[in-house]
2 protein chains.
Amino acid sequence: MDSKQKYSIANIDPLTLSIKAAQEKKIQDSRDFFEQLVADYRTCGRFWKIYIEQELRARNFEEVENLFQRCVIKVLNIDLWRTYLNYVRDIKSKLPNYKEKTAQAYNFALEKIGLDVNSYSIWNDYVNFLKSVEAAGSFAENQKIMAIRKVYQKGVMNPMINVDQFWKDYCAFENQINPLIAKRMIDDRSREFMTVRKISKEYENVTKYLDRNSPCFPPQGTVEELRQKTYWKKYIEWEKSNPLKTDDLAIVAKRVMYAYEQCLLSLATHPDIYFEATSYLQQMSSIMEEKCDAVLAKFYANEAVNLYERAIESFMKKNALIYFAYCDFEESRLNYSKCKEIYEKYIEICDVDPSLCYIQYMRFLRRVEGIRSTRQIFKKARDDPRISYHVYVAAAFMEYFCTKDKNIAYKIFQLGSSKYESVPEYLLAFVELAKHINEDDTTRSLLENSIAEGKIPKDKTNEIWTEWLQFENFVGKLEDIKKVEKSRQAMIGDINQPDESESKLLIDRYKFSNLYPCSKYELKSIGYTDSNYNFAFNLFP
Amino acid sequence: MDSKQKYSIANIDPLTLSIKAAQEKKIQDSRDFFEQLVADYRTCGRFWKIYIEQELRARNFEEVENLFQRCVIKVLNIDLWRTYLNYVRDIKSKLPNYKEKTAQAYNFALEKIGLDVNSYSIWNDYVNFLKSVEAAGSFAENQKIMAIRKVYQKGVMNPMINVDQFWKDYCAFENQINPLIAKRMIDDRSREFMTVRKISKEYENVTKYLDRNSPCFPPQGTVEELRQKTYWKKYIEWEKSNPLKTDDLAIVAKRVMYAYEQCLLSLATHPDIYFEATSYLQQMSSIMEEKCDAVLAKFYANEAVNLYERAIESFMKKNALIYFAYCDFEESRLNYSKCKEIYEKYIEICDVDPSLCYIQYMRFLRRVEGIRSTRQIFKKARDDPRISYHVYVAAAFMEYFCTKDKNIAYKIFQLGSSKYESVPEYLLAFVELAKHINEDDTTRSLLENSIAEGKIPKDKTNEIWTEWLQFENFVGKLEDIKKVEKSRQAMIGDINQPDESESKLLIDRYKFSNLYPCSKYELKSIGYTDSNYNFAFNLFP
């Protein structure tokens, strides 16, 4: 099963059906299926939960432990965590130190996902667990009360759905213990609680349309997908706006990153989310640096690196955008050797087109080491059979703009000609350079040869003819212009009807940029179509 | 009434209704309407005929004569001509020399439109008229027979619909006179007639879908219009293929030009038809020159000039394409002073954009007189308040490519800057030149100033930002690149949502030509749109 290939957001039903079928089988028969499922959708809490529940039903506790270890830290999904906590609470109740273990698990959970908008049940479960613990003696009883109170007091200050209920329970709890002290404790907190209540409402609103259980499919740009993305971004923006109005930036950052992590559970296949998250961490790092807090500055920078690494190790394995962004981050930290490693890592992936990566690598080396190092990488690129003509074009123009050496630029193009002589885009770029060199004979012979030798497929010569025509319009005689038109017509005549194209050629002769010698309707009626017709300025052609 | 504005091929009913209404009025009340009608649709035989019939009904023979004089030579429409011939035959029958006058009229008509596919009725009417003439004495009788025979013998060799009938009538005619001689005369011709019959069938087929009575509307590029154009071109191509297999090129040319003239009655508003017709005449002139027939060479060249003149005096009055084609024709005949006249004539029209004409004029002068004359016209253009930035761009690059003088080119751009500083296309062209000059500071300060000074509307700066980014990618440091992005985001932030554009900017940073750091779907999902995205090679940006 390669689910990523077979399923998409628009075609999720077959996946749901196969999961149902697997659930009805014995776990030893469906384990392979579930393993593949959580490998393909490793961020989907729901799938992990289904898998674990199957193992639980068969009472395979060792497998269950293993599975929890594999997923809970990475997949911060409330339902999955509740399953985990219930498991710890119920299954381990026979162990001697089970109270401490369970309390530890709850504390850990609240640290990880306690700020979730739906975390009420975990707070509440924890309180109930603490209440259920038997306490012998007044000291133990007192400790128990303090432990419960601590959770209550933290929870009622935590914006979430049902915080009202938690507040009521807390008030009841205090009243039950000591009505007099209760009044003071509650009065102290009630004002702050009103704010928490208001924020909770906002929090609920800004998260209510989020689909937090859908598996990650490759981006499709569908309406539903874009809508979800917008909801996620609104939620993240809301956290960035610091709704708690705290002065502690670390708290804001923690909440923002929690939002990003939640988003990445559903949109792990979207490069822009990774980039925006790392970019936020970089920003935090800079802010901390400005505040001379070197420790936190380093912390956030490391977090950014961790996220980049996580991205390129999993869903972004072949996504050049994230590699480049990662490199630029390291370049800005002067970590040049790391940059090289990252560029090389991408190039070493077998089934990618490394052309753009070579170009970025060359540009990076030009910036930090100079043109000599760039040339070495260009040499390496030339030996790579996967590269496209773009690498030559980039290298040539880099020489032209940086070293101002037209000859090297020209030679690079000549070097590539043997490989890309049949690629019209390559030829057009070569002509572009020739026009920078500005020797009529060079430009003209380039145009002439490319077409005359018939290396470029006839149906792709159109832009080259237009280019040539424009060139002759600048420097040629009327006969030169007509000669180009005649050769063009002689060649295109095979493809189109000969007489039809006569007027069209004439329009190409007279047009300049987006100025045409006819009205729009006349052009339409003549059947003239120009790929640049609807576009802004384009001098050549 | 300005019918050209009000009506179109898709909205012809109101016009038909107004004509019906006018027909029901007295002619003195509808004359103004009809005058406007034939002024607006001067090639429409049907409208002329309706107008004339109204005058005829009122027996305004003087007006009728005048109207015929104004239209018959120009509008070679069978129905109109038949009306004319009937008028001559019927109305003039009281005049002493009416026989000669009428015969003259018929001969003239057959000369003009005798080769029309529907000309049978005119041939037949002529024969019937000749038959109806009383002949006193055997000499007169003989002459009458010879006259009739002449028309018959010419007509049966003329491909047209109903030529079969004409042939039968001719056979009957000869048999009636002398069955013995008839057999020989008919046998002599019957073989050749079989060919004429076959060609007539072809002729009928190739013309049967032509709509020959529709008034000329401005081109719209509608399906029906394109269909008609295709039919007309097929008919013209058929005539060019010399279906009569004659060795006399003049006959072929006469028939081809008849087809073009017929076409121009319906498609007089289509510049391509004029161009193709004149181009055919030029071709004929060249062929005759090659055959050393100076008289015919001159004749066809003159015909081409006549057609060009007719075009720019009427429907093509403001069509730059025809002016330019006319100029190129005269330039190829070394008629440079005539070229200047034509370019000047177009420039003198008040309500046109003369920019492209100035550019063509400058290019013409560069070709035939050199850059000095070009500069004079550029000076003239600069004083013309109607011109667009294109003229400066064309002039600057002409200097760059022809005189190779980068300084003049640069100065021209500077000259235009005061006028076009708020036109992004102008700035992009200026930057293009700066990149040819290839001095980093020039290019960078140009980009910086243009945007910094806020002269270009914010929503139009996108391409300039991309250009700047690409430029810094070639020569700048990472900080330079980021600086551009930051300024861009700061400006565009006002327009778009700030965070949304972050990833989009990153794509602009990394893309090269049509290579993108993401998949198509990822780009879509990020909301990245690039006007060049679907297009072929485009180095800058």
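The values are calculated or read from the model by the stated rules, or taken from the named source; none is laboratory data. All values derive from a computational prediction rather than experimental measurement. Using ideal geometry, Cβ is built from the backbone for each residue, glycine included, and neighbour counts are taken over all protein chains shown. Accessible surface areas use protein heavy atoms only, side chains included; no ligands, DNA or RNA. Shrake-Rupley method; radii C 1.70, N 1.55, O 1.52, S 1.80 Å.
Each label was represented as a point 7 Å from its Cα along the Cα-to-Cβ direction; for A:Leu226 and B:Asp13 these points are 4.0 nm apart. Only protein atoms count toward the accessible area here, which uses a 1.4 Å probe; on chain A, the carbon and sulfur part of that area reaches 50 percent. Per residue of peptide B:505-517, the mean number of Cβ atoms on other chains within 10 Å of the residue Cβ is 6. With only the Cα atoms considered, the stretch A:410-452 has a convex hull volume of 57 Å³ per residue. Per residue, the convex hull spanned by the Cα atoms of the stretch B:285-386 amounts to 91 cubic angstrom. The calculated FRET efficiency for the pair B:Gln28 and B:Glu100, based on their C-beta separation and a Förster distance of 30 Å, comes to about 0.30. Think of a 1.4 Å ball rolled over the protein heavy atoms: the stretch A:80-170 then has 49 Å² of accessible area per residue. In this Cβ point-charge picture (+1 for Lys and Arg, -1 for Asp and Glu), chain B has a dipole of about 1620 debye about its Cα centre.
Cross-link pairs exceeding 32 Å between alpha carbons, from the set A:Lys74/A:Lys229; A:Lys168/A:Lys229; A:Lys254/B:Lys504; A:Lys26/A:Lys131; A:Lys477/B:Lys345: A:Lys168/A:Lys229; A:Lys26/A:Lys131.
For chain A, the residue among A:Thr466, A:Thr195, A:Phe324 whose Cα projects farthest onto the positive side of the dipole built from Cβ charges is A:Thr195.
Each peptide in A:468-478, B:513-523, B:386-396, B:192-202 gets a packing score, the mean of other Cβ atoms within 10 Å over its residues, and the list from highest to lowest is B:386-396, A:468-478, B:513-523, B:192-202. Calculated over the stretch A:94-214, the projected area of the Cα convex hull averaged across directions stands at 8.9 nm². Counts of other chain beta carbons within 10 angstrom of each beta carbon in peptide B:395-408 average 2. In terms of packing, defined here as the mean over residues of other Cβ atoms within 10 angstrom, the peptides B:368-374, A:134-140 line up highest first as B:368-374, A:134-140.
Suppose R0 equals 51 Å. What FRET efficiency, 1/(1 + (r/R0)^6) with r the Cβ-Cβ distance, do A:Glu479 and A:Ser373 give to the nearest 0.05? It comes to 0.55.
The mean sequence separation of alpha-carbon pairs under 8 Å and at least six residues apart, normalised by the residue count of the stretch A:336-412, gives a relative contact order of 24 percent. Kindly provide the helix-only [θ] at 222 nm of chain B, computed as the sum of -39,500 (n - 2.57) over DSSP H runs of four or more divided by all residues, to the nearest 500 deg cm²/dmol? Taken over chain B, the calculation gives -23000 deg cm²/dmol. Taking a point 7 Å out from the Cα of B:Thr195 in the direction of its Cβ, the residues of the stretch B:121-162 whose backbone N falls within less than 14 Å of it are B:157-159. Think of the axis that spins chain B onto A; the B residue whose C-beta lies nearest it, and the distance in whole Å, is B:His436, 3. Annotation for B:Glu134, label-to-label distances across the other copies: 14.9 nm (shortest first, one decimal, point 7 Å from Cα along Cα→Cβ). A straight chain from A:Glu35 to A:Ala490 at 0.36 nm per residue would run longer than the Cα-Cα distance by 157.4 nm. Length gained on full extension, B:Arg333 to B:Phe139, computed as 0.36 nm times the residue gap minus the Cα-Cα distance: 64.3 nm. Shown here: the stretch B:164-322, whose C-alpha atoms stretch 64, 43, 23 Å along the first, second and third principal axes, sorted largest to smallest.
Label point of B:Lys318 (7 Å along Cα→beta-carbon): distances to the other copies' equivalent points are 5.7 nm, sorted ascending. Scaled to the globular estimate 2.2 N^0.38 Å, the Cα spread of chain A, given as radius of gyration, is 1.37. Send over the Kirkwood Rh of the stretch B:177-232, from the inverse of the averaged 1/r over different Cα pairs, rounded to one decimal Å. Hydrodynamic radius (Kirkwood, Cα only) of the stretch B:177-232 equals 14.8 Å. Summary for B:Glu237: label point 7 Å along Cα→Cβ; distances to the equivalent points in the other copies, ascending, 5.8 nm. Taking a ≥ b ≥ c as the square roots of the eigenvalues of the Cα gyration tensor, the stretch A:284-332 is prolate, since a/c reaches 1.5 or more and a/b is larger than b/c. Computed from protein heavy atoms with a 1.4 Å probe, the total accessible area buried between A and B is close to 7700 Å². Size descriptors for the stretch A:414-497: radius of gyration and Dmax over Cα atoms are 12.4, 38 Å. Panel note: the C-alpha atoms of the protein assembly as shown, placed on their principal axes, show extents of 158, 62, 59 Å (largest first).
In summary, the stretch A:377-450 shows an alpha-carbon radius of gyration equal to 1.04 times the 2.2 N^0.38 Å reference for compact globular proteins.
Once the convex hull of all Cα atoms in the stretch B:1-137 is built, its volume per residue stands at 119 Å³. Taking 17 Å as the straight-line reach from the Cα of A:Lys25, the lysines in range (excluding those fewer than 8 positions away in the same chain) are A:Lys49. For the peptide A:366-377, the mean number of other protein chain Cβ atoms found within 10 angstrom of a residue's Cβ is 1. Among the listed pairs B:Lys92/B:Lys234; A:Lys435/A:Lys483; A:Lys435/B:Lys318, give every one whose C-alpha distance is greater than 29 Å. Pairs exceeding 29 Å: B:Lys92/B:Lys234; A:Lys435/B:Lys318. The charge dipole of the protein assembly as shown, taken about its Cα centre with unit charges on the Cβ atoms of Lys, Arg (+1), Asp and Glu (-1) only, comes to about 940 debye.
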